[in-house]
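Below: the structure, in C-alpha cells.
The values are calculated or read from the model by the stated rules, or taken from the named source; none is laboratory data. Since this is a predicted model, take the numbers as computed values, not measurements. Here the Cβ positions follow ideal geometry from the backbone for every residue, glycine too, while neighbour counts run over all protein chains shown. Only protein heavy atoms, including side chains, enter the accessible area calculation; ligands, DNA and RNA are left aside. Shrake-Rupley method; radii C 1.70, N 1.55, O 1.52, S 1.80 Å.
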Amino acid sequence: MRKPPFLPAFLVFVFLAACSSSESGTDAGVTDTGADVSVPDTAPADSAVTDAAPADTGSGAGDAGTTDTGSADTGDAGQPDSGAEWDPAIPSYTADPALKAGCEAPGENDLCFGVASRDISPKGFEVPKMEYLRRDKDCIPEQARCDNLMKDWRRDCGTDRLCKGDKGYTAPDADGTEKDGVFDFFRDCGSDNLCKGDPGYAGPDPDGTEGNKLFDGIWLAGLGENKPAIGVHDPVYARAWAMRQGDKTVAMVVLDIIGLFYDDTVRIRKIIQAKAPNLKIDMVIGQATHVHFGPDTMGRWGPTDPEAGVPIGHGINLPWMDKALELAADAVIEAVVKMEKARLKVGNGFTGDKNLMRDFRDPQVINDEMIVIKGERVSDGSTIGTLVHWGNHPETLYERSNYITSDHAWMLRETVEKGIPATGTKAAMPGLGGMTVYLQGTVGGMMAPPSKTMTQDGRELEARSFAMLSAYGTELGRHALEIAAKAEPAAKSNLRMTTRRMFLELPNTGFHIAFFGGIFPRRQVVGADGKLYSASTIDPKDLPRVVTEMTIVRVGDLLSFYTVPGELFPELWVGGYDGSWRCGKNTGPDCKTIIIEPGHKNPPALDKAPKGPYLSQRLGGKYKLLLGLAQDELGYLVPAYDYKLSESLPYLDEAPGEHYEETVSVGPDAWPTLEKALDELNASLP
C-alpha cells in the first residue's frame, strides 16, 4: 500500500511552531507526557558513548563475546563516538539480587535455551465514538465504521456537530457540550469507558482519566494518523528467547509493535539490570514485528490537524509504553531464569509468493525464505520453544479495522504451538508445543501481504478480514511445521557475538521536524561531538545524528543472526536483479519474470544495481537470519543506486514514481554505512 510522505511539504513553514511544543498537550486531546517518563534534556557529563559498551548491550557485567573495539569505525563506516553520552531514563524498580540463569552449559556442545512471554495489550483505554470514524463502507464485518477520524474531530461543536456559522446551526447544544473544552469524538469517561449513569458505573476512574478533557486512548500506528483503537482482537505480546553456552548469554525480546527506537532498547536493558542486577546477560536484542495494528510506540501516528496535516502531538500512550517495556524486560528475565539444557534443530524452506506476499516497489524481488529453529529439551526431546523467521509487513487488514491485533504473527504462532486439525482436503498436523516467537525479516521495498481473497477448505474468505487473516497466519504456520519436521540438529553450540554502536548522520528534514517538534519524544539525537544536539537551528555542517547499533550472534557453524536497525529491501539481502527472485526463490515457469512494471515513472536503473555476492551469500553461517527492525527502527534502508529525492522538497515530498520509502529513511548514506559495518563485524567474528 502506498502511504503519504512522512510529513506534508508545508510543515517546513510550521517548523518553528512545532519546535516550541514538547508535549502532546491538552489541545491535542492526548495524555500528557509526564515528567517522570520523558527523555532527559541532558546526559551525565562523565559518561561517554563507546562502541558496544557492555552496560548498554547487555544487562550484566562482562564483555559481549568478541565485542568489536570500534577501531575501524571511522570515515564512511560511521561517525566516531566521542563526547558526553545520552542517557535514556527509566523509572526506579525493586531489585532481586537472587535471580540467576536457569542452567549452565560449559562444553562446546552444551546449550541452555529458554523462552518466556508477556501480554502487553493495553488493558483499559478510551475509545472513539464510532460515528466519528470516516469510512462507512469496506470495513471488516465486525465494524460498521472504520479507519481514521473524520475531519471535524477537533471542532468541539457539541453533540449535534454544528458550530456557529454552520448550515443548520440554531443554538448551542442544550447539553452544554459545545465549546466545553472536550473534543466530541470521545466521551471522556476514563480508562473503563463508563460515565456516570452508564450501567455498571461504580465511580470515577482511580487513575484520574475520567473527565480530564484528554483522550486517554490508543493511536494505532502504521496506516495514517488520527486512527484510534476501539478494542483488542487478539493479544499483542513481548516474547523472549535466551541462549547460554560457556560463559556467554544472549537474549532477544520481540514486541508486537510498529517499531522500537534504540533508546527504548537501551531502556529495556537498563530495566533488566535494575530488576536483576546479578543476572549476567552479554547481549539483549530488542526487535519489533512491525505490526500496523498496535499502539504507536514511536510518535508519528498521533493526533494531526485534519485540515493542515500538521502533527499536533505525538501518538504514544506513555504510561502504557513504560509498562510494555517493563513487561518486555520481565520476559527476558524469565527466559534466562528458566533456561534448560537444550539442543537446537534448524531448517529452512520457501513459502512462494502466491497469496502470501507482494512487492510494491520495483524491482520485484521477493525473499520468501522461512527459517525455523526448534529448541528441544535434552531430557525428553519435548519442545521448549520455536523461533520462526520470515519477512513481510504485518498490515493485512489495511484501513478496514480499528482493532489491535498482532496480524499474521497471531495465527502463525498459535498454529506452530497447537497444530492444525484435519479438514476435508488436508490431514491434521500436530503442533510442536512450547512457545513460538516470530522474528521479522526483510520487509522493506515494499513487502506487503495479499490484498485479494483467500480460500480455506473450499470457502472463499472475505479479503482483508479477520477470517482471511486467520487463514493467512495458519498457512504460514503450516509452512513452519513442514520445515520443522525436516530440521537438522546443530552439532556444535559454541556461542559468539559481536556488536557495534555507531552514529548516523540525519539529513532527513522531516525527521528534524519530528525530533525537535516533540513528535519523537522518546529518542535523543546528538551532534558530531557526541553530546546531545541542542542547537536552536540545524547547522548543515553539523547535522544531528542518531545513535544506533548492529549485532551478530553465531551458534556453532550452522546458525547466525544479523541485526539491522530498520526495514531492509529484500534485494539487498538476496540480489534478484536478474529476475531469479521475482516470485520467491523457486520462481517457476508460471511466474512473469519482468521485475520492473511497464509504465512506472522514474524506475530503478538496474545497470547501476549492486553486483553480487550479496549479503546472504557472503555472510557466515549455513542458516542466516536477517533480523529487521532489530535494536532500532531507522525507517527504510534504501539501496543507494535507487535513492531518489524530490528536487523541490527533499524528504518532505516524494520523487516522481515509487519513492515513498526515501521520505521515511534516515538518509542516502545510511545503508552503505550499515552494510560496511556489517561486513566488518562479520570479518571480525570467527
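Each residue, ASP557 and ASP529, gets one label point 7 Å from its Cα in the Cβ direction; the gap between the two is 5.1 nm. Taking Rh as the Kirkwood radius, which is the inverse of the mean 1/r over Cα pairs, what is the Rg/Rh value for the chain? Radius of gyration relative to Kirkwood radius: 0.96. Once neighbouring chains are kept in place and the probe is 1.4 Å, which whole percent of the accessible area of the range 637-681 is contributed by carbon and sulfur? Looking at the range 637-681 in its full context, I get 50 percent from C and S.
Projecting the Cα positions of LEU223, GLY309, PRO277 onto the charge dipole of the range 223-364 (unit charges on Cβ atoms of Lys, Arg, Asp and Glu, taken about the Cα centre) puts PRO277 furthest along the positive direction.
Counting only protein chain heavy atoms and rolling a 1.4 Å probe, the accessible areas of GLU647, GLU376 rank, largest first, as GLU647, GLU376. Pairs of Cα atoms in the range 188-290 fall into 10 Å distance bins, from 0 up to the last occupied one, in shares of 12, 28, 26, 21, 10, 2, 0 percent. Pairs from the list LYS452/LYS644; LYS345/LYS426; LYS644/LYS676; LYS374/LYS486 with a Cα-Cα gap above 19 Å: LYS452/LYS644; LYS345/LYS426; LYS644/LYS676. Computed from the C-alpha gyration tensor, the three semi-axes of the ellipsoid equivalent to the range 488-603 are 37, 27, 10 Å, from longest to shortest. Span-like helices, the chain: DSSP H, alpha-carbon axial extent 27 Å or more, mean Kyte-Doolittle 0.0 or greater, which ones? What comes out of the filter, once short or polar helices are dropped, is 318-337, 466-485. For GLU462 and THR423, the difference between the fully extended length at 0.36 nm per residue and the C-alpha to C-alpha distance is 12.1 nm. Its relative contact order, with pairs defined as Cα atoms under 8 Å and 6+ residues apart, puts the range 612-667 at 30 percent. How many angstrom lie between the C-alpha centres of the range 134-189 and the range 278-306? Distance between centres, Cα-based: 31 Å. Taking all protein chains together and a 1.4 Å probe, the residues TYR237, TYR651 rank TYR237, TYR651 from largest to smallest accessible area. Estimated at the nearest 10 Å², the accessible area of MET130 is 70 Å² with a 1.4 Å probe.
Which value results when the Cα radius of gyration for the range 305-441 is divided by 2.2 N^0.38 Å?
Rounded to two decimals, the normalised Rg is 1.35.
Of all DSSP beta bridges confined to the chain, the antiparallel ones make up roughly 75%. When nucleic acids and ligands are ignored and a 1.4 Å probe is applied, ARG187 ends up with an accessible area of around 120 Å².
Beta bridges from DSSP with both residues in the range 364-444: antiparallel share about 55 percent, rounded to the nearest 5.
Computed packing ranks the peptides 332-343, 434-445 as 434-445, 332-343, most packed first, by mean other Cβ atoms within 10 Å. The Rg/Rh ratio for the range 585-678 is 1.00, where Rg is the radius of gyration of the alpha carbons and Rh is the Kirkwood radius. Summing Cβ point charges (Lys, Arg +1; Asp, Glu -1) relative to the Cα centre of the chain gives a dipole of roughly 1860 debye. Extension gain for the segment ALA89 to LYS129, taken as residue separation times 0.36 nm less the Cα-Cα distance, is 10.9 nm to one decimal.
Expressed in Å, the radius of gyration and Dmax of the Cα atoms of the range 80-188 are 26.7, 82.
Given the C-alpha centroids of the range 85-115 and the range 462-526, what is the distance between them in whole angstrom? Answer, in whole Å: 22. Distance between the modelled labels on ALA171 and ASP96, one decimal in nanometres: 6.3 nm (7 Å Cα→Cβ projection). Helix-only arithmetic for the chain: the sum of -39500 (n - 2.57) across DSSP H runs with n ≥ 4, divided by the residue total, places the mean residue ellipticity at 222 nm at -4500 deg cm²/dmol. Listed by chain and number, the lysines placed with their C-alpha closer than 18 angstrom to that of LYS531 are LYS541; residues fewer than eight positions away on the same chain are left out.
Ligands, DNA and RNA aside, PHE516 has an accessible area near 50 Å² when probed at 1.4 Å. Return the carbon/sulfur percentage of the accessible area of the range 432-505, one whole number, probe 1.4 Å, all protein chains in place. Percent of accessible area from carbon and sulfur atoms in the range 432-505: 46.
Over the chain, give the accessible area per residue in Å² for a 1.4 Å probe, as an integer.
On the way: 24920 Å² over 686 residues.
Result: 36 Å² of accessible area for each residue.
Rg and Dmax of the range 235-283, based on Cα coordinates, read 11.9, 36 Å. Against the empirical curve 2.2 N^0.38 Å, the C-alpha radius of gyration of the range 393-506 lands at a ratio of 1.33.
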